[in-house]
1. Inside the range 95-183, counting only helices (runs of 4 or more DSSP H) that do not spill past its ends, which hold 2 or more residues that are at pLDDT 95 or above and surrounded by 15 or more Cβ atoms within 10 Å (Cβ to Cβ)?
2. Name the pairs: first residue in the range 48-77 and assigned to a strand (DSSP E or B), second residue modelled with pLDDT of 80 or more and of a type in the set (Gly, Ala, Ser), Cβ to Cβ under 7 Å, at least 6 apart or on different chains?
3. How many residues are buried (at least 21 other Cβ atoms within 10 Å of the Cβ) and within 18 Å of residue 289 (Cβ to Cβ) if we restrict to the range 468-496?
4. Here are 353, 300, 307, 311: which of them is surrounded by fewer than 23 Cβ atoms within 10 Å (Cβ to Cβ) and among the aliphatic types (A, V, I, L, M)?
5. Within the range 252-263, which residues are buried (at least 24 other Cβ atoms within 10 Å of the Cβ) and of a type outside the set (Asp, Glu)?
6. Is there a residue in the range 316-324 that is surrounded by fewer than 22 Cβ atoms within 10 Å (Cβ to Cβ), within 29 Å of residue 426 (Cα to Cα) and among the polar types (S, T, N, Q)?
7. What is the residue count in the range 263-297 for residues that are within 29 Å of residue 498 (Cβ to Cβ) and out of contact with any Phe, Trp or Tyr (no Cβ under 8 Å at 6 or more places or on another chain)?
8. Being in a loop (DSSP other than H, G, I, E, B) and touching a Pro at 6+ places or on another chain (Cβ under 7 Å) is the filter here; which residues of the range 232-259 pass it?
Amino acid sequence: MRTSRRMFLGGSAALVAAASLPRSPLAGEGGVLRVGLSNPVIPPTTGDASMGIEGRRFIDQTIYDPLMYYGARPWGDPYKLTPYLATSFTSDTGNRRVWVIELRRGVKFHDGSDFNADSFVWNMGKFFDQNAKQFLAREAADVQGAVPKITGWEKRAPFTIAVETAEPSPFLPYPFGAITMASPARFAEAGSWEAFAHRPSGTGPFKLDSVDFKQGAELSRFAGYWDKNRVPRVEKMIYSPIFEANTRTTALVSGQVDWIEAVAPDTVELIKARGAKLVSNPYPQVWGYALNVKAPSPYADIRVRKAVSLAIDRDGMTKVLNGLSVPATGLYPRDHPWHGNPTFQVKYDPAQARELLAQAGYGPDKRVKTRVLAVAGGSGMMQPPVMNAFVQSNLKDVGIDLEIVITDWAGLWGSRPLGASAAQSQGCDMFNFSLATNDPFRELQEYGSRFFPPVGVNWGYAKSDSVDAIVEKLLASFDADEQNKLYAEFNGAIINEAFSVFVAHDAFPRAFAENVSGYVEGYNGIRVQDPSFITVG
């Protein structure tokens, strides 16, 4: 088999009140880092946390390790993959459906067992073999929905694996590199995934000591971690799910937690006044709306789709969010090489929006009626109540009446692979998304017609001959320079088609107590903030 290494493209019952947060006897001694999460519960701990980027960062990349990381890059640069549990992904030039993966040596699971090709093959059964005892349906659905179709895998050497896909898949390392490895030995000991979840064993820098999924989790340093530079500086880390933003702020300024996620814009001055440190930097993410372009949706008409984009005051949104966002004109910032050169310029122009609506047959006596499926909050969703209300007001001004339909996290993201026509979408023709944009394959699934539900996540049935032609070229190209060129064309094309309404890039605000130090900034997708380097006291 011939191989050639390629360069990769470049106040409810669910809320935890501040007074009830779990405390550790070590708190205050400098050995414990206490984190207030924005999720309403602790994310799943079996290896694919779901529940957004917060689950990825605080579970999958503390208790576990991914095969590849998105390497740190300056804002505006293409995203590069960094080897981690996998030291290389190599495409077989003789059979482009095969990728050969070399695994890192000398890695141990928390239970002392070895990470190697055998444990990798076992985890493939967890994700892809429904007849395997370790098959986990929830994770399998997430992973299979994110990666190109896997048709086979084999161990070729103690630390070498071959993975076969149904068709040539140049982007496999991006989604596949994000999966994590669980310990076969611990699963055999636990006997079930339910039991494993309370005492998991991964390869990450932290071990999970205890968890109550509604109340909190306690992790401790894994002294035997293979990457000695990332052995945690703190002894313990405590998670508390605090869904409501003001409650998180209260927990921070009252000294009950040391770190909070998703800082609310109206709490910024209070946080600063109490001596806490506010940290923000944009990361590969975009907040906005997918549109159902299938008739009889009003968004079957491109003029209505463009009118929605032109009606939104993105600079005004940034002011409402107290500077904690960056106006979005596409999946990527305007100066990003993948943004492309669209002819349709996304901007705030309510007069042009009204003109387009008039051309489409709408006016004062015939307003557009539309519904959006949204959530009240959660990992990576920024501040949806404030943001959706702002958009609702903007749209009303040009003749579009928006009804906001609130569901829970599972309801929102569960409807995405089913499509706008599914009952789970509740008759909505807009879907409020917050998308990580560091996986090119995932973005192709959003807009290529070959990825209509249930095959992919093209929720709104976006279809364009020009977009589809670029998607097919991308799915056949293993040349990095050509991929970069085509991917810029792809993004320009989806902006021209106005399949989605791009509103804001998250500035990713977090706040730390005054005695917390060592946090490392990096515009790198998921490892924006690595708790391994943080110290308290």
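The values are calculated or read from the model by the stated rules, or taken from the named source; none is laboratory data. The structure presented is a predicted model; accordingly, all values stated were derived computationally and were not measured. Positions of Cβ are generated from backbone atoms using ideal geometry, with glycine treated the same way; all protein chains shown enter the neighbour counts.
1. Numbers: elements: 117-128, 137-146, 173-176.
Passing ranges, in order: 117-128.
2. So the pair list comes out as 66/177; 66/178; 68/86; 68/177.
3. 3
4. Details: 353 fails: surrounded by fewer than 23 Cβ atoms within 10 Å (Cβ to Cβ); 307 fails: surrounded by fewer than 23 Cβ atoms within 10 Å (Cβ to Cβ); 311 fails: surrounded by fewer than 23 Cβ atoms within 10 Å (Cβ to Cβ).
Checking each option against the conditions leaves just 300.
5. 252, 257, 259, 260, 262, 263
6. no
7. Of the residues in that region, 4 qualify.
8. Just the residues of the range 232-259 that are in a loop (DSSP other than H, G, I, E, B), to begin with: 232-235, 242-244, 254-258.
Passing the criteria: 232, 243.
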